[in-house]
């Protein structure tokens, strides 16, 4: 993982997960660039830190996408909830990664 700064994260996304870059930049412009304070930056970083961590691991990314797809198609609410809980746990755990990991 890169340094925990928006600039370092953008560089890492551009290099290793360029498919995320248009959404990252649009999100930055919408949430941060026009802001008059830095209050939204921690939430922005948390979200995109996790998105990058997932995108850089294609096998895990496919697994999470599969869990979410299966949940959307599930006809049993308990099964759907279990699938989404697992996807959420994985996404949450990825946000805990630190620079260099």
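Just so it is clear, none of the values below were taken in a lab; they were calculated from the coordinates. This one's a predicted model, so the numbers in the text were calculated from it and none came from an experiment. With ideal geometry, Cβ positions are generated from the backbone for all residues, glycine too; neighbour counts draw on all protein chains shown.
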Exercise. Among (1) assigned to a helix (DSSP H, G or I); (2) surrounded by 14 or more Cβ atoms within 10 Å (Cβ to Cβ); (3) in contact with a helix residue (DSSP H, G or I) (Cβ under 7 Å, 6 or more places away or on another chain), which single condition is residue 47 missing?
Worked result: (3)
Exercise. Do any residues in the stretch 74-88 that are within 18 Å of residue 62 (Cα to Cα) have Cβ atoms under 6 Å from those of residues that are not in a helix (DSSP H, G or I), where the two are at least six apart or on different chains, and which pairs are they?
Worked result: 80/74
Exercise. Would you pick out the residues in the stretch 17-27 that are surrounded by 12 or more Cβ atoms within 10 Å (Cβ to Cβ) and under 23 Å from residue 88 (Cα atoms)?
Worked result: 17, 20, 21, 23, 24, 27
